[in-house]
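The values are calculated or read from the model by the stated rules, or taken from the named source; none is laboratory data. Nothing here was measured: the structure is a model prediction, and the numbers come from that model. Cβ: placed from backbone, ideal geometry, glycine included. Neighbour counts: every protein chain shown.
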Amino acid sequence: MKLGDRIALVTGGGSGIGRAIALTFAEEGARVVVNDLRAAAAKETVEAMGPRQAQGRAIQADVSDSGQVRAMFAELERELGTLDILVNNAGIAETTPGEREKLGAKSEARMKELASGQGIQTHWDVTQEMTDEAWTRMLAVHLNGTFFCTREALKLMSRRNRGSIVNLSSVAAWGLETVPHYSAAKGGILAFTRAVAREVGSRGIRVNAICPGYIDTPMTAPMASFVRAAVVARTPLRRIGEAREVAQTALFLASDDSAFFTGQWLSPNGGLFIG
C-alpha cells in the first residue's frame, strides 16, 4: 500500500481522470475525499471504491468559489483532522454549450481546404470572438480553483510540515491547442506549481504537476472522429491515453516513490509533445 493511512483530496473526482485517481489512491490504502461540482457524481466515485468506500467521503463544492472551498476544507478538517495529499484536478473543457463542436467544424473545414490545395480559408478567430465570461470562467475553475484549494491545503499540511500537492496541467500549456483561455489556465498552473514548490520546500511539502496529452475521458468524448484520427496520427505511440495511466502518474507523485521530486511536471502524452 503506497498510500496507507494517508488522507487525500481529489477535486473533480466525479468522472474521468479525477475518478481514476481517486479509485487508484483508494486501492493503495488512502482515505480519499472526492470533491465534485455534482454531488451525485462524487458519491458514485466513493461507492465504486468497493471495500474501501467506508473510508471515502464525498463533498460537493465549486472550486472556483473561495467560500465553498473554505467550507469544504473546514468540513474535511472537522471529520478527518488533517490532509496529506491534494490533487487539483477539477476542470472544464468548454464554457458554453457547443464551443468544442464549433472548433471541430472549423478544424474539419481547414483540413479539407489543406487537402484541396487551395490554402486555409477558414480561420480560427477564437480569441477575437471570445467573451469576457468565457475567459473568466475558464481561468476561475482551473487556475483560481487550484490556488484556492492549495491555499487551504497548505494551512493543514504546514502544521506537520509534510504533504504532496499534484496539479493537473496539460500539453495545452505549451500551445498545442487552439483554445487560448484553456492554454492560459494550464500554463498558469505550471508556473504556480513551480513558485509554490520553491516556497514550501523548507516545510517538506512537495508540489508537482501532470501535463496529460489526449486522454479518453468524458471531456474528450465529443471529439469528432476525424479530429481523433488526426490526434492519433500526430502521436508517436499511435493512440489516445487512458485515465488510469494519468492516475498512475499521480500515484507516483503523491507517494514516497517521488520523495525527491518537487516543482516538476510529468507528461503522459504518448510522445505528442517531447521536450
Among (1) in contact with a helix residue (DSSP H, G or I) (Cβ under 9 Å, 6 or more places away or on another chain); (2) free of Cβ contacts under 8 Å to residues at least 60 places away in the same chain; (3) of a type outside the set (Phe, Trp, Tyr); (4) over 21 Å from Met130 (Cβ atoms), Ser170 falls short only on (4)
Inspect region 135-152 for any residue being free of Cβ contacts under 8 Å to residues at least 24 places away in the same chain, over 23 Å from the mean Cα position of the chain (by Cα), surrounded by fewer than 18 Cβ atoms within 10 Å (Cβ to Cβ) and farther than 24 Å from Ala20 by Cβ and give the result as yes or no. no
Matching residues in region 246-257 (among the polar types (S, T, N, Q), crowded, with 17+ Cβ neighbours inside 10 Å and touching a residue at least 60 places away in the same chain (Cβ under 8 Å)) number 1
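Somewhere in region 153-163, is a residue of a type outside the set (Phe, Trp, Tyr) and part of a strand (DSSP E or B)?
Pass one, region 153-163, residues of a type outside the set (Phe, Trp, Tyr): 153-163.
Next, from what is left, pick out any that are part of a strand (DSSP E or B): 163.
Yes, region 153-163 has at least one match.
For region 172-199, give me each residue that is within 17 Å of Asn88 (Cα to Cα) and surrounded by fewer than 21 Cβ atoms within 10 Å (Cβ to Cβ). Steps first, please.
Our first condition is that a residue be within 17 Å of Asn88 (Cα to Cα); within region 172-199, this holds for 172-173, 182-197.
Those that are within 17 Å of Asn88 (Cα to Cα) and surrounded by fewer than 21 Cβ atoms within 10 Å (Cβ to Cβ): Ser183, Ala184, Gly187, Gly188, Leu190, Ala191, Phe192, Arg194, Ala195, Ala197.
Restricting the search to region 147-166, which residues are under 17 Å from Gly263 (Cβ atoms) and in contact with a Leu (Cβ under 8 Å, 6 or more places away or on another chain)? Break it down into steps so the answer makes sense when it comes.
Keep residues of region 147-166 that are under 17 Å from Gly263 (Cβ atoms), which gives 147, 150, 153-154, 157, 162-166.
Of everything in region 147-166, those that are under 17 Å from Gly263 (Cβ atoms) and in contact with a Leu (Cβ under 8 Å, 6 or more places away or on another chain) turn out to be Thr150, Ala153, Met157, Gly163, Ser164, Ile165, Val166.
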Does Arg78 count as among the basic types (Lys, Arg) and more than 23 Å from Leu3 (Cβ to Cβ)?
no
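Residue check: is Ala58 in a helix (DSSP H, G or I) and without any contact (Cβ under 8 Å) to a residue 60 or more places away in the chain? Spell out how you get there, then give the answer.
On the way: in a helix (DSSP H, G or I): no; without any contact (Cβ under 8 Å) to a residue 60 or more places away in the chain: yes.
Spelling it out, it is not the case that Ala58 is in a helix (DSSP H, G or I) and without any contact (Cβ under 8 Å) to a residue 60 or more places away in the chain.
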Across region 218-243, the tally of residues that are surrounded by 17 or more Cβ atoms within 10 Å (Cβ to Cβ), within 20 Å of the chain's Cα centre (by Cα) and either charged (D, E, K, R) or at pLDDT 90 or above (or both) stands at 3
Among residues of region 17-60 being small (Gly, Ala, Ser) and surrounded by fewer than 22 Cβ atoms within 10 Å (Cβ to Cβ), the residue nearest to Leu156 (Cα to Cα) is Gly29
Log entry, pairs with first residue in region 105-122 being among the small types (Gly, Ala, Ser), second being outside any loop (DSSP other than H, G, I, E, B), beta carbons closer than 6 Å, six or more apart or on different chains, reads Ser107/Val227
